[in-house]
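Working notes, beginning with the structure itself.
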Amino acid sequence: MFESKSGVLLIGGLGFFLFAFLSNAVVPILLYRHLPEQSVEQLVENNQNLMYQFEDLYVRYPETFKKYYGEPTQEAAAEALRLGRQVYIGEGCWHCHSQFVRPVSNESDRWGKVAFSEEYQNELQRPVMFGTRRVGPDLSREGGRRGNDWHAVHFFDPPLVSPNSPMPKYTWFYDGLSFDALLARLEQQDPKLLETLKAELGDDLAAKRAEVVAQLQARRPELAAELEASPDAPNKRGLAIITYVQWLGSWLEQYPDYENYVPLDEEMENPLE
């Protein structure tokens, strides 16, 4: 066998395969077998970075948040994370985004800290979301880099915040413009008409929804059309996928993971205060 080039190549190939298997499978198991696999509840516990983002969703979208998750508790965050991971897998996000920063090609300059084994020892990484390619950026350090409102717009219509993005629209992550949001937009765009409606129908316009919509269809049809055409807030799946994305990298000491970092507790106030 060693007298022929093919035999040498065969032995060499098998040797490299064995070495790769030992270094990438056996050694990590031996090194981290003492570390218990964390549940979602354990991941959420004492994770202030994640809870800040989850509470921010509660403040930004109170109606839909209360409808689907109630209060921004750790239990609700765990529920959202589990669903968010299912949505991430079901919508094929893993096909265009990786969750593994490699120590090559200056990837740490683009995506953040190089991945380490311990961060994959949890329920949300079964199976691991390494991905298959990078049509979009690596997401393993995405948490906190952008606000929840940015992600809400991005999922609804990606090119609005990321020009030329090939990512599809996920309009089914939204319920549509709520009546309260319509009144808020009317107050901003045409306060005189809002006062007229209150004078004609009473201050409690929510109780006269049908009449208000009829009046708007006659006086401001373009605004009435937005009641169905525009998103007001992410629905249960939308809130869940945003929570999941904001969780990615939330376990790092530096969060968000980018240059000129300022800790959230120094840069922002608690959204619930």
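Let me confirm something: among TYR120, TYR68, which residue is modelled with pLDDT under 95, buried (at least 17 other Cβ atoms within 10 Å of the Cβ) and either at positive phi or not basic (Lys, Arg) (or both)? On inspection, the qualifying residue turns out to be TYR120. Residues that are without any contact (Cβ under 8 Å) to a residue 40 or more places away in the chain, over 23 Å from GLN125 (Cβ atoms) and charged (D, E, K, R) are absent from region 82-103. Scanning region 72-96 for residues that are among the polar types (S, T, N, Q) and under 15 Å from TYR58 (Cβ atoms) yields a count of 2. Quick check, is ALA20 at pLDDT 90 or above and within 25 Å of ARG126 (Cα to Cα)? In short, yes. The criterion of at least 1 residues that are surrounded by 15 or more Cβ atoms within 10 Å (Cβ to Cβ) and more than 19 Å from the chain's Cα centre (by Cα) is met by the following helices (runs of 4 or more DSSP H) wholly inside region 133-237: 179-189, 191-201, 209-219, 221-229. Taken across region 245-265, residues that are surrounded by 12 or more Cβ atoms within 10 Å (Cβ to Cβ), in a helix (DSSP H, G or I) and modelled with pLDDT under 85 do occur, with at least one present. Note on region 64-82: residues that are farther than 22 Å from ARG145 by Cβ and either in the same structural domain as PRO28 (by TED's automatic domain parsing) or not aromatic (Phe, Trp, Tyr) (or both) total 12. The helices (runs of 4 or more DSSP H) found wholly in region 1-108 and carrying at least 2 residues that are within 20 Å of PRO256 (Cβ to Cβ) occupy 40-44, 48-60, 74-90. If we keep just the residues of region 228-244 that are among the polar types (S, T, N, Q) and touching a strand residue (DSSP E or B) at 6+ places or on another chain (Cβ under 9 Å), which is modelled with the lowest pLDDT? Ranking the candidates gives SER230 first.
The values are calculated or read from the model by the stated rules, or taken from the named source; none is laboratory data. Just so it is clear, the model here is predicted, and its values are computed rather than measured. Reconstructed Cβ throughout: ideal geometry from the backbone, glycine too, with neighbour counts over all protein chains shown.
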